[in-house]
Amino acid sequence: MLNYLKTCAIIKIQHIVYCMGENSMIDRQLLTKNGIAVLRLAREFLSLKSGDRIETVGDYAEKMNLGRGTIQSAMRYLEETGAIRLEARGHLGTYIEKIDYKKLWGVSGLSSITGVMPLPYSRRYEGLATGLYKAFEKASIPFNMAYLRGGYNRIEALEQGKYDFAVMSKLAADINIAEGRDIAIIFSLGKYSYVKGHKVLFADPEYREITDGMKVAIDNTSIDHYVLTRYECEGKSVEYVQLSYNQILKSLLEKRIDAAVWNIDETEDRNMNLPYYDLTNPKVLKLNEDDTEAVFVVKKTNWGVDGVLRHAIDRQFVLDVQRQVLDGHILPEY
C-alpha cells in the first residue's frame, strides 16, 4: 500500500513536469523510479489491445533498467486505477483482459502527440495531413501537427524534443540515420505517399537537360532537394543559386535561374506552364524512388512513442484519405 500511495503522488507530479521531456533535468529530479515505471508501462500498453500477451516482469525490468519490484508496483497501480485488467494463465503467460486507453493516456506523460511535416503546399501533402488528423481522431488520441520547411530543420526540432515524430521522405531519413542522428524510422506509407516524383524544370522551353553555365536553384535545408540537385549537376560547371524552396518556382518564371529540381506535384496542381524532364544521373536512379516514400521518424530515446504511433496510425486508412483528397472526393482538413 505504501508503494501504491507513493506512486499516486509521483503521477501527480508527472502530469505537471513531463511535458518538458523525459530527458530534461527537472524530470530526473522529480520523477522517482516508480513514476518512470508507470509512465513507461502505460506507453507500452497503449500499443496493445485486449487479448494481447504482455511481456514478463523480468523482461520489462531489463528493458526499462528498473527493478522487478518497481515494475510489479507499477503494474499494480495501473490495475488498481482501472487502466488495465490482467489475466494470468500460468505457463502461457499474462494477458490483457481489459484496457482503458483514456486512463492509460492520463498516466503516459503525453498531453498530446505532436508531429511535424512539410508545409502542405500540394494536394498530396494536404491529403497526408488530413489522413493523419482523421487517424488520430479515430484512435481518440489528442493530436497536433506543426508544419516546418526543410528536412534538416524537422530533424533538429525532433532531436530537441519539440515534436514526438516527424514526417519526411525515406531518402532524407536514411541519410540522417547514416550520419548517426538520434532517430529511427518506425514505419512507411509506401511509394508516392510523400511526392509523386521529382523532375528537372527549365525557364527556357528549348532546354531538355542541365548544361554548363546554367544557374541552378538549390535549397540547402531540404535534404531531398540538395541531394537530387547535386547528383543531377554532377560533372557539370553550373552556378548554384541558394534559394528557399518556396522561391524557386517564382525565380524560374521570372528567368532569374535556368533550372531546378522540383516536386512535380505542385507544378501539376497549379497547372504551371513550365517544361520538365526526368532526372537522368545514374546515382539518382539508384535511389529507387526513396524520395517519394513518406516515413515516420521518432527520436530513439523518446520512450514508447513508437508504440503509441503504431497503435494510432492506421497506414491504409491514412492512404485512403490521402487518395480521396487527391481525387477531389473530400476536402482537406488540417
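A few comments on the model shown:
- The stretch 169-186: number of residues that are outside any helix (DSSP H, G or I), surrounded by fewer than 20 Cβ atoms within 10 Å (Cβ to Cβ) and under 14 Å from the mean Cα position of the chain (by Cα): 4
- Of all residues in the stretch 323-334, those that are without any contact (Cβ under 8 Å) to a residue 12 or more places away in the chain and not assigned by TED's automatic domain parsing to the domain that holds Arg123 have Cβ atoms under 8 Å from Cβ atoms of residues that are of a type outside the set (S, T, N, Q) and surrounded by 14 or more Cβ atoms within 10 Å (Cβ to Cβ), 6 or more apart or on another chain, in Leu331/Val325.
- Positions within the stretch 169-194 being under 18 Å from Asn281 (Cβ atoms) and among the β-branched types (Val, Ile, Thr), in sequence order: Ile175
- Criterion (surrounded by 13 or more Cβ atoms within 10 Å (Cβ to Cβ), over 30 Å from Lys196 (Cα atoms) and out of contact with any Asp or Glu (no Cβ under 9 Å at 6 or more places or on another chain)) met by exactly one of Leu128, Leu132, Leu66, Leu86: Leu66
- Those residues of the stretch 285-319 which are aromatic (Phe, Trp, Tyr) and either modelled with pLDDT under 95 or crowded, with 22+ Cβ neighbours inside 10 Å (or both), in sequence order: Phe296, Trp303
- Residue pairs whose Cβ atoms lie under 9 Å apart, separated by 6 or more positions or on different chains, with the first residue in the stretch 171-192 and without any contact (Cβ under 8 Å) to a residue 12 or more places away in the chain and the second in a strand (DSSP E or B) and of a type in the set (A, V, I, L, M), are Ile177/Ile183; Ile177/Ala184; Ile177/Ile185; Ile177/Val297.
- Just so you know, in the stretch 90-144 the residues that are among the small types (Gly, Ala, Ser) and assigned to a helix (DSSP H, G or I) include one that is nearest to Ile155 (Cα to Cα), and it is Ala129.
- Among the criteria (1) outside any helix (DSSP H, G or I); (2) of a type in the set (Asp, Glu); (3) at pLDDT below 85, the one Glu55 does not fulfil is (3).
The values are calculated or read from the model by the stated rules, or taken from the named source; none is laboratory data. Here the structure is a predicted model, which means the values were calculated and not measured. Reconstructed Cβ throughout: ideal geometry from the backbone, glycine too, with neighbour counts over all protein chains shown.
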